[in-house]
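Okay, structure first, notes after.
The values are calculated or read from the model by the stated rules, or taken from the named source; none is laboratory data. This one's a predicted model, so the numbers in the text were calculated from it and none came from an experiment. Counting neighbours? That spans all protein chains shown, and the Cβs are built from the backbone with ideal geometry, glycine included. When the accessible area is computed, the model is the full protein with side chains, heavy atoms only, and any ligands, DNA or RNA have been set aside. Shrake-Rupley method; radii C 1.70, N 1.55, O 1.52, S 1.80 Å.
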Amino acid sequence: MMKALTLALGFGLALTAAFAGAAENLPQPARVWADRPAGSTAAVKLAALRYAAFWNSGDPRYAELALDPDFIDRTLPAGRQQGVAGPLQASRQFRAAVPDLKVDVTDMVLAGDRVALRLHFQGHFSGRFGDVQGQGQPVEFQAFDLYRVKNGRIAENWHLEDNLTLMQQLGVVKP
(Lines give C-alpha, C1' and ligand atoms only; values in the text may rest on other atoms or scores of the structure.)
Protein backbone atom coordinates (compact mmCIF):
# COMPACT_ATOMS: atom_id res chain seq x y z
CA MET A 1 0.00 0.00 0.00
CA MET A 2 2.76 2.46 0.96
CA LYS A 3 4.69 1.62 -2.23
CA ALA A 4 1.57 2.27 -4.36
CA LEU A 5 1.01 5.59 -2.58
CA THR A 6 4.64 6.56 -3.15
CA LEU A 7 4.34 5.64 -6.84
CA ALA A 8 1.11 7.61 -7.17
CA LEU A 9 2.64 10.63 -5.45
CA GLY A 10 5.78 10.25 -7.53
CA PHE A 11 3.74 10.21 -10.74
CA GLY A 12 1.80 13.29 -9.66
CA LEU A 13 5.02 15.09 -8.76
CA ALA A 14 6.60 14.06 -12.05
CA LEU A 15 3.56 15.29 -13.96
CA THR A 16 3.61 18.58 -12.06
CA ALA A 17 7.37 18.92 -12.58
CA ALA A 18 6.98 18.29 -16.29
CA PHE A 19 4.68 21.29 -16.48
CA ALA A 20 6.35 23.44 -13.81
CA GLY A 21 8.34 25.36 -16.40
CA ALA A 22 5.40 25.58 -18.79
CA ALA A 23 3.68 28.54 -17.10
CA GLU A 24 4.45 30.60 -20.19
CA ASN A 25 2.29 28.16 -22.19
CA LEU A 26 -0.82 28.93 -20.12
CA PRO A 27 -3.27 31.32 -21.76
CA GLN A 28 -3.21 34.65 -19.96
CA PRO A 29 -6.52 36.40 -19.30
CA ALA A 30 -7.07 39.80 -20.90
CA ARG A 31 -8.80 41.04 -17.72
CA VAL A 32 -8.84 39.65 -14.15
CA TRP A 33 -10.98 40.67 -11.18
CA ALA A 34 -10.48 39.15 -7.73
CA ASP A 35 -12.11 39.53 -4.33
CA ARG A 36 -8.73 39.07 -2.58
CA PRO A 37 -5.03 39.79 -3.17
CA ALA A 38 -3.43 37.84 -6.03
CA GLY A 39 -1.41 35.50 -3.79
CA SER A 40 -4.48 34.12 -2.07
CA THR A 41 -6.19 33.34 -5.39
CA ALA A 42 -3.15 31.73 -7.05
CA ALA A 43 -4.28 28.08 -6.78
CA VAL A 44 -7.78 28.86 -8.08
CA LYS A 45 -6.37 30.89 -10.97
CA LEU A 46 -3.78 28.23 -11.84
CA ALA A 47 -6.42 25.47 -12.01
CA ALA A 48 -8.55 27.60 -14.37
CA LEU A 49 -5.57 28.50 -16.58
CA ARG A 50 -4.45 24.87 -16.80
CA TYR A 51 -7.95 23.91 -17.92
CA ALA A 52 -7.91 26.72 -20.51
CA ALA A 53 -4.50 25.41 -21.66
CA PHE A 54 -6.10 21.99 -22.13
CA TRP A 55 -8.79 23.45 -24.41
CA ASN A 56 -6.19 25.60 -26.16
CA SER A 57 -3.78 22.74 -26.87
CA GLY A 58 -5.76 19.51 -26.58
CA ASP A 59 -2.98 18.18 -24.33
CA PRO A 60 -4.67 15.86 -21.80
CA ARG A 61 -1.89 16.43 -19.23
CA TYR A 62 -3.28 19.93 -18.62
CA ALA A 63 -6.75 18.47 -17.93
CA GLU A 64 -5.24 15.90 -15.56
CA LEU A 65 -3.48 18.69 -13.65
CA ALA A 66 -6.52 21.00 -13.63
CA LEU A 67 -9.33 18.58 -12.79
CA ASP A 68 -9.99 16.86 -9.48
CA PRO A 69 -10.11 13.04 -9.84
CA ASP A 70 -13.77 13.26 -8.70
CA PHE A 71 -14.57 16.12 -11.13
CA ILE A 72 -18.29 16.68 -11.80
CA ASP A 73 -19.69 18.46 -14.86
CA ARG A 74 -22.93 20.02 -13.59
CA THR A 75 -24.12 20.89 -17.14
CA LEU A 76 -23.16 17.60 -18.76
CA PRO A 77 -24.24 17.47 -22.43
CA ALA A 78 -26.08 14.39 -23.66
CA GLY A 79 -23.69 11.65 -24.72
CA ARG A 80 -20.69 12.99 -22.78
CA GLN A 81 -19.12 10.91 -20.03
CA GLN A 82 -19.17 12.27 -16.49
CA GLY A 83 -15.85 12.94 -14.77
CA VAL A 84 -12.43 13.71 -16.21
CA ALA A 85 -13.15 11.40 -19.17
CA GLY A 86 -15.89 13.77 -20.42
CA PRO A 87 -13.71 16.78 -21.29
CA LEU A 88 -11.06 14.47 -22.76
CA GLN A 89 -13.71 12.90 -25.00
CA ALA A 90 -15.16 16.31 -25.97
CA SER A 91 -11.73 17.71 -26.85
CA ARG A 92 -10.87 14.74 -29.09
CA GLN A 93 -14.19 15.03 -30.93
CA PHE A 94 -14.00 18.78 -31.35
CA ARG A 95 -10.37 18.71 -32.47
CA ALA A 96 -11.32 16.13 -35.12
CA ALA A 97 -13.48 18.89 -36.63
CA VAL A 98 -11.34 21.95 -35.72
CA PRO A 99 -7.72 20.77 -35.37
CA ASP A 100 -6.31 24.28 -34.91
CA LEU A 101 -8.72 25.21 -32.10
CA LYS A 102 -7.42 28.00 -29.86
CA VAL A 103 -8.98 29.66 -26.82
CA ASP A 104 -8.42 33.08 -25.31
CA VAL A 105 -9.45 33.87 -21.74
CA THR A 106 -11.17 37.22 -22.22
CA ASP A 107 -12.36 37.74 -18.64
CA MET A 108 -11.62 35.99 -15.35
CA VAL A 109 -13.39 36.67 -12.05
CA LEU A 110 -11.97 35.04 -8.90
CA ALA A 111 -14.11 34.89 -5.76
CA GLY A 112 -13.34 32.49 -2.92
CA ASP A 113 -13.13 28.96 -4.31
CA ARG A 114 -14.90 29.99 -7.55
CA VAL A 115 -13.64 31.30 -10.85
CA ALA A 116 -15.79 32.51 -13.74
CA LEU A 117 -14.37 32.77 -17.24
CA ARG A 118 -15.47 34.25 -20.55
CA LEU A 119 -13.72 32.24 -23.23
CA HIS A 120 -13.27 33.04 -26.92
CA PHE A 121 -12.74 29.98 -29.15
CA GLN A 122 -11.54 30.15 -32.75
CA GLY A 123 -10.10 27.93 -35.43
CA HIS A 124 -10.93 26.47 -38.83
CA PHE A 125 -13.36 23.69 -39.65
CA SER A 126 -11.04 21.53 -41.72
CA GLY A 127 -11.95 18.12 -40.30
CA ARG A 128 -15.22 16.22 -39.92
CA PHE A 129 -18.19 16.85 -37.65
CA GLY A 130 -20.59 13.92 -37.94
CA ASP A 131 -21.45 13.65 -41.63
CA VAL A 132 -20.19 17.14 -42.49
CA GLN A 133 -16.72 17.69 -43.93
CA GLY A 134 -15.22 21.11 -43.24
CA GLN A 135 -13.79 23.26 -46.00
CA GLY A 136 -11.42 25.27 -43.79
CA GLN A 137 -14.05 27.88 -42.91
CA PRO A 138 -13.42 29.98 -39.78
CA VAL A 139 -15.10 28.99 -36.53
CA GLU A 140 -15.49 31.50 -33.72
CA PHE A 141 -17.73 31.35 -30.65
CA GLN A 142 -17.83 32.20 -26.95
CA ALA A 143 -18.35 30.19 -23.80
CA PHE A 144 -18.88 30.99 -20.14
CA ASP A 145 -17.58 28.68 -17.41
CA LEU A 146 -17.91 28.66 -13.64
CA TYR A 147 -15.59 26.39 -11.64
CA ARG A 148 -15.44 25.40 -7.98
CA VAL A 149 -11.84 24.67 -7.06
CA LYS A 150 -10.89 22.31 -4.22
CA ASN A 151 -7.28 21.62 -3.23
CA GLY A 152 -5.98 23.40 -6.33
CA ARG A 153 -8.11 21.45 -8.82
CA ILE A 154 -11.49 22.01 -10.44
CA ALA A 155 -14.05 19.89 -8.58
CA GLU A 156 -17.20 21.18 -10.32
CA ASN A 157 -17.93 22.95 -13.61
CA TRP A 158 -20.99 24.74 -14.97
CA HIS A 159 -20.68 25.92 -18.59
CA LEU A 160 -22.61 27.49 -21.45
CA GLU A 161 -21.37 27.59 -25.02
CA ASP A 162 -22.78 29.51 -27.98
CA ASN A 163 -23.59 26.26 -29.75
CA LEU A 164 -26.07 27.85 -32.19
CA THR A 165 -23.35 30.06 -33.65
CA LEU A 166 -20.95 27.11 -33.75
CA MET A 167 -23.45 24.79 -35.48
CA GLN A 168 -24.24 27.50 -38.06
CA GLN A 169 -20.54 27.97 -38.79
CA LEU A 170 -20.10 24.21 -39.17
CA GLY A 171 -23.02 24.15 -41.61
CA VAL A 172 -25.01 21.75 -39.43
CA VAL A 173 -27.75 24.33 -38.74
CA LYS A 174 -28.89 26.83 -41.35
CA PRO A 175 -29.01 30.50 -40.24
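Observations, loosely collected:
- Among residues of region 120-138, those that are touching a residue at least 24 places away in the same chain (Cβ under 8 Å) and either open to solvent by 60 Å² or more (accessible area, probe 1.4 Å) or touching a helix residue (DSSP H, G or I) at 6+ places or on another chain (Cβ under 7 Å) (or both), counted: 11
- Per-region count, region 87-114, residues hydrophobic (A, V, I, L, M, F, W, C) and farther than 24 Å from ARG148 by Cα: 5
- Per-region count, region 107-145, residues over 14 Å from the mean Cα position of the chain (by Cα), β-branched (Val, Ile, Thr) and under 30 Å from ALA43 (Cβ atoms): 1
- Scoring PHE141 on the criteria (1) touching a His at 6+ places or on another chain (Cβ under 6 Å); (2) in a strand (DSSP E or B) leaves a single failure, condition (1).
- Picking from residues in region 75-116 that are among the hydroxyl-bearing types (Ser, Thr, Tyr) and not in a loop (DSSP other than H, G, I, E, B), the one that is surrounded by the fewest Cβ atoms within 10 Å (Cβ to Cβ) is THR106.
Residues checked against (1) aromatic (Phe, Trp, Tyr); (2) more than 18 Å from ASN157 (Cβ to Cβ):
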residue: PRO37; (1), (2): no, yes
residue: SER40; (1), (2): no, yes
residue: LYS45; (1), (2): no, no
residue: LEU49; (1), (2): no, no
residue: ALA52; (1), (2): no, no
residue: PHE71; (1), (2): yes, no
residue: GLY79; (1), (2): no, no
residue: GLN89; (1), (2): no, no
residue: ALA96; (1), (2): no, yes
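- Tally, over region 40-74, of residues that are without any contact (Cβ under 8 Å) to a residue 40 or more places away in the chain, assigned to a helix (DSSP H, G or I) and open to solvent by 10 Å² or more (accessible area, probe 1.4 Å): 5
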